[in-house]
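Since the structure comes first, as structure tokens, the remarks are kept for the end.
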Amino acid sequence: MPVHPLLPALLLGLSVLPHTPSDTCLGEGAEAVKNSSPSLIYPAPMYAGQQGDREMAAAVVLCEIRRDNVVEIVFLEDGTGVARLGDGSSVEFFPGDKGAYMVAVAAEKLVPIRAAEIPDIPVADPEPVGETGSGTAGRIALGFSLLFGGWFAFHTLRSRRVKAPLAVGRGRLRGGGLDIPATRFSDVAGSKEAIEDLREMVDVLCNPERYQAVGARTPRGALLIGPPGTGKPLLARAVAGESGVPFYPVAGSDFVEMYVGVGPKRVREVFAKAKKHGRAIVFIDEIDAVGRKRSGLAVSGGEQENENTLVALLNELDGFTSSGVVVLAATNRPDVLDEALCRPGRLDRRVYVGLPDLRERSAIAALHLRGKPLEADVSADMVARKTAGMSGAQIEQVCNEAALLAARAGRKTLTGRDLADAAEYVAMGRARHSALVNVEDRLVTAWHEAGHAVAALRYPNAPRPLSVSIVPRGVAGGSTWLDAPERMIVSRPDLKARLVVALAGRAGEELYMGGE
């Protein structure tokens with residue numbers, strides 16, 4: 001016999017619909033027939049006129065189930081049900097829209113439910129509610145847990161997207177508040193005048209009472225000006241190390257963001273952390289990124305944000321509140337800085353850190369060659385003569401590249417050849433020994449470089465040649481290194497000598513090629 005389609009739906013209601021046990025009968029029909037005889041039996045055939053009575057009988061059955069007076073419920077093929085009561089009588093009913101709820105209540109009261117003449121359908125006994133917990137309640141709890149978990153995950157992801165712009169101003173400080181550098185002025189070679197200018201800043205930080213006693217206004221900051229690689233951040237760390245105060249290094253680009261208000265917020269955050277320690281140094285590298293001149297015209301949103309950041313920085317430098325915070329800033333573009341940033345009372349000290357001369361290059365080379373094994377004929381002066389026009393950072397790279405060349409060659413000491421090759425590598429690139437160059441090109445290159453060397457040796461006032469090479473480096477086919485004197489003022493004979501040496505290479509090519 002096929003299963004009636006209503007029975008699975010009624011049984012499914014047990015796992016879907018929640019229910020609340022009650023000692024009272026629900027429904028208007030139940031109240032109407034509450035006191036009627038429990039042995040009321042309706043005839044099995046179902047007429048259209050009797051469907052309302054059978055639906056009222058369903059309320060009676062529901063009431064009897066709650067009274068624990070129902071022994072068994074049997075569903076017939078036509079969709080009606082028969083409830084056997086405890087006194088042996090039966091009640092025929094039509095479940096209607098109360099069917100699923102009735103099945104749930106019957107399962108809670110441990111009333112067996114089966115289909116008539118279908119013995120193969122197993123009906124599991126439900127668990128008692130009061131002892132092991134209701135399976136329906138567990139499923140409801142699981143559903144609520146899944147619903148809450150999904151809502152929490154969605155809310156978390158959404159809040160992260162919303163709060164992301166508000167968090168861009170945090171955690172961008174590269175220096176800790178308790179970072180007191182171990183760098184000293186003895187670790188800085190060259191820049192003698194710059195060190196002397198900065199020693200006063202150290203004295204202000206170490207002995208502020210001396211200046212306050214005579215009514216002197218202590219400087220709020222200094223601007224370090226010089227080409228890249230001249231050691232401006234190193235000098236700032238040395239000032240903090242000599243003073244024994246916390247060091248806060250930031251970059252000018254750290255204050256530049258696309259979100260409105262982030263730049264000023266970061267400025268206030270940096271100075272607030274520095275002021276907690278009483279005395280501290282805030283170092284702003286590449287301050288031209290945030291301190292450019294204001295145009296005074298109508299500006300766009302990004303430019304307006306930069307100006308707001310600059311105003312916040314000016315307010316912190318203005319000294320509205322007395323503090324021991326000193327600001328050191330570095331730039332290689334002083335011409336683009338706003339005038340209000342460099343006025344007296346703010347970054348009024350200008351410390352020029354230029355490219356090192358011969359003596360300073362020798363001191364820098366000696367500092368970076370310290371601890372490296374050298375051949376007897378190698379000296380710092382040799383490096384200084386080979387690195388004319390280089391910054392301190394480039395000289396450090398020359399010494400390091402020389403050590404790498406010696407290590408690759410399997411030598412335990414640095415030779416003069418290693419230092420010369422390293423200087424040429426830093427200036428022009430690595431030598432291309434494997435480059436395919438034909439004989440004719442090599443001869444032309446040799447005559448060209450020979451022209452430079454001969455003119456430098458023979459012409460008055462010309463710089464002395466140090467080395468000549470026809471090995472290709474970078475984009476050059478060869479090179480001639482000259483020991484050019486470092487002069488601040490160049491005379492006419494010196495300029496003429498430079499022109500002669502420069503054009504002598506072309507003259508050598510014409511001699512070899514017969515003027516072609």
ask   = If you take the beta carbon distance between GLU200 and LEU404 as r and set R0 to 35 Å, what does 1/(1 + (r/R0)^6) give as a FRET efficiency, to the nearest 0.05?
value = 0.30
task = Please report ILE281, ILE140, ILE225 as a ranked list, fewest other C-beta atoms within 10 angstrom at the top and most at the bottom.
result = ILE140, ILE225, ILE281
remark   = Ranked on Cβ counts within 10 Å of their own Cβ, fewest leading, LEU235, LEU369 go LEU369, LEU235
remark   = Cα gyration tensor of region 307-394 diagonalised, 5x eigenvalues square-rooted, in angstrom largest first, produces semi-axes 41, 15, 10
message = Based on C-alpha coordinates, I'd like the Rg and Dmax of region 185-352, in Å.
response = 15.7, 49
task = Tell me the label-point distance for the pair ASP187, ARG411, using the 7 Å Cα-to-Cβ offset, in nm and rounded to one decimal.
result = 3.0 nm
ask   = What whole-number value in cubic angstrom gives the convex hull volume per residue for the C-alpha atoms of region 388-491?
value = 122 Å³
key: Order of CYS206, CYS399 - criterion: other Cβ atoms within 10 Å of each residue's Cβ, fewest first   = CYS206, CYS399
key: Förster-model FRET efficiency, 56 Å R0, ALA446 and LYS276, C-beta, rounded to 0.05   = 0.25
query = If Lys and Arg each add +1 and Asp and Glu each add -1, what is the summed charge of the other residues whose beta carbon sits under 14 Å from the beta carbon of ALA435?
reply = +3
query = How much of the calculated P(r) for region 358-428 lies past 21 Å, in percent of all Cα pairs?
reply = 12 percent
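No value in this document is a laboratory result; all are computed from the given coordinates. Predicted model, so just to flag it, every value in this text is computed and none were measured. Positions of Cβ are backbone-derived with ideal geometry, glycine not excepted, and every protein chain shown enters the neighbour counts.
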